[in-house]
Amino acid sequence: MKQNLFSRDFTLVVIGQIISLFGNATIRFALPLYLLNQTGSSALYGTVMACAFLPTILLSPIGGIVADRVNKRNIMVILDFFTAALIFVFSLLLGGMNLVILLTVTLMLLYGIAGAYQPSVQASIPALVSPDRFMEANSIINTISSFANLVGPVLGGMLYSTYGLRAVLWVCMVCFFLSAVMELFIRIPFVKQDSKGGLLKLVAGDFRESFRFIRKEKPEIGRATLVVCEINLFLSAMILVAVPYLITEVLELGSESTANTLYSFSQGALAAGGLTGGILAGILGKRLSVGKAGNLIAAAACAVFPMGFALAFDLFDRGSYLVITGCCFAIMVLSTMFSVEMMSFVQAETPGHLIGKVIAVILTIAMCAQPLGNALYGVLFELCRGFEFAVIFFAGGISLAIALGAGRRFRELT
């Protein structure tokens with residue numbers, strides 16, 4: 001078992017993730033913002049984002065099954081090359097067909113690829129890192145993701161505001177191509193599993209095995225995952241819809257270009273919070289107790305309320321923007337620490353031949369409420385024009401109640 005955390009192959013995984021996730025963060029920032037700029041409708045924005053999440057939910061478990069049966073390096077390479085090709089095709093079709101349809105299909109494919117891609121990355125960690133370094137390795141991967149989400153939207157927002165969407169598309173296409181080339185040199189230990197029977201039989205069998213593990217051998221993981229699903233419905237979805245809508249359509253922050261740039265800074269604050277949370281999780285390591293992980297979610301829910309107060313008491317627009325941005329930072333610090341704790345626990349408790357499938361099933365269950373939440377908050381903000389603070393308070397109150405009521409489920413993990 002490898003004792004050195006930064007082995008050659010883990011280092012290449014890290015570098016490939018930096019390049020790929022930068023492109024991912026940039027393109028997934030620019031395309032929805034372009035839609036919101038062109039339509040100004042929170043309901044349409046929420047509906048399109050809900051559709052975009054559906055392939056992630058469907059493909060994450062398949063990605064986990066494939067990650068356990070196919071060389072994980074090959075999965076990363078193929079998906080990054082495919083994403084580069086997808087962006088190239090989108091750039092050719094832009095302006096030549098219905099924008100809403102084109103953006104919806106493209107975002108669905110991008111989110112679906114991400115759903116199939118991440119189980120391979122997470123499942124590769126136990127093959128490259130010793131068990132006592134899982135927390136550090138997960139912290140590094142989360143930190144990279146947060147750093148990419150910090151730099152991607154900020155630079156992407158500047159590029160988008162200055163040169164338009166096409167410049168963003170070409171930069172992202174180059175990122176995915178370079179990442180795929182980098183990943184060609186990774187060597188991940190791979191043991192071929194028994195593949196007797198047809199594809200449908202294999203998929204069904206792997207699903208049964210994963211669900212059986214979560215339901216019967218580690219039911220406490222399943223119960224904690226349901227809590228995350230509820231939080232995604234009422235908290236994560238609200239943040240996803242509220243931040244771009246409030247900053248670009250509700251607050252009067254200047255021209256469209258200025259509002260877009262300020263929105264990119266808010267996205268950067270979200271990512272900076274994730275970066276900080278990942279670093280803190282790595283530093284604190286074993287001093288973090290998974291049994292108290294619910295406290296982090298409760299604190300994240302509390303961080304929502306200042307956003308509502310800023311809107312309710314009609315704080316001047318720049319002041320509301322600063323409050324929203326600061327709250328987003330705090331929420332991401334807490335939620336990232338929670339995610340690192342949970343992922344490290346699952347990796348430590350799951351047999352090696354099940355890791356990819358189990359992680360994919362957990363991610364799928366946790367995300368299944370996200371599309372409904374996106375559509376819900378898109379409609380709520382549309383209906384509550386002028387009273388957006390009511391939607392914020394609703395999300396914070398429900399999320400806090402869920403977190404406080406779920407403390408026992410997290411204590412079961414110890």
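Taking the chain as a Gaussian network of alpha-carbon nodes connected by springs under 10 Å, the highest mean-square fluctuation of the residues ALA401, ALA224, ALA84 belongs to ALA401.
Rolling a 1.4 Å probe over the protein heavy atoms gives the chain an accessible area of 40 Å² per residue.
Within the shell defined by Cβ-Cβ distances under 15 Å, the residues around SER320 carry a net charge of -4, with Lys and Arg each +1 and Asp and Glu each -1.
Taking Cβ atoms as reference points and 9 Å as the exclusive limit, the residues near LEU251 contribute a net charge of -2, counting Lys and Arg as +1 and Asp and Glu as -1. Which of rounded, prolate or oblate describes the stretch 214-256 when judged by the alpha-carbon gyration tensor and an a/c cut-off of 1.5? The shape class here is prolate. Of the peptides 315-321, 112-118, 21-27, 73-79, the ranking by mean beta-carbon count within 10 Å, highest at the top, reads 21-27, 112-118, 73-79, 315-321.
Computed about its Cα centre, the charge dipole of the chain is approximately 1300 debye, with only Lys, Arg, Asp and Glu carrying charge at their Cβ. Sparsely packed loop sites in the stretch 212-263 (the GluC sites (Glu not before Pro) outside DSSP H, G, I, E and B with at most 15 other Cβ atoms within 10 Å) comprise GLU252. Restricting to lysine pairs 8 or more places apart or on different chains, what number in the chain have Cα atoms under 25 Å apart? Taking the chain as the scope, the lysine pair count is 19. Here the stretch 149-182 and the stretch 276-308 have alpha carbon centers that stand 30 Å from each other. Estimated at 0.36 nm per residue, the fully extended path between PHE387 and ALA401 surpasses their Cα-Cα distance by 2.8 nm.
Oblate is the label for the stretch 133-177, because a/c, from the alpha-carbon gyration tensor with a ≥ b ≥ c as root eigenvalues, is 1.5 or above and a/b does not exceed b/c.
Simple spin-label estimate for TYR163 and VAL89 gives 2.5 nm between the two label positions (7 Å along the Cα-to-Cβ direction from each Cα).
Once the Cα-Cα distance is subtracted from the 0.36 nm per residue extended length, the PHE185 to LEU226 segment shows a gain of 11.0 nm.
For the chain, carbon and sulfur atoms together expose 68% of the accessible surface, with a 1.4 angstrom probe and every protein chain in place. For a quick check of understanding: with a 1.4 angstrom probe and all protein chains in place, what accessible area in square angstrom does ARG212 have, to the nearest ten? Using a 1.4 Å probe on the heavy atoms, I get roughly 90 Å². With K and R counted +1 and D and E -1, the other residues having a Cβ less than 11 Å from that of PHE176 yield a net charge of -2.
The values are calculated or read from the model by the stated rules, or taken from the named source; none is laboratory data. Just so it is clear, the structure is predicted and the values come from calculations on it, not from any experiment. Positions of Cβ are backbone-derived with ideal geometry, glycine not excepted, and every protein chain shown enters the neighbour counts. Accessible surface areas use protein heavy atoms only, side chains included; no ligands, DNA or RNA. Shrake-Rupley method; radii C 1.70, N 1.55, O 1.52, S 1.80 Å.
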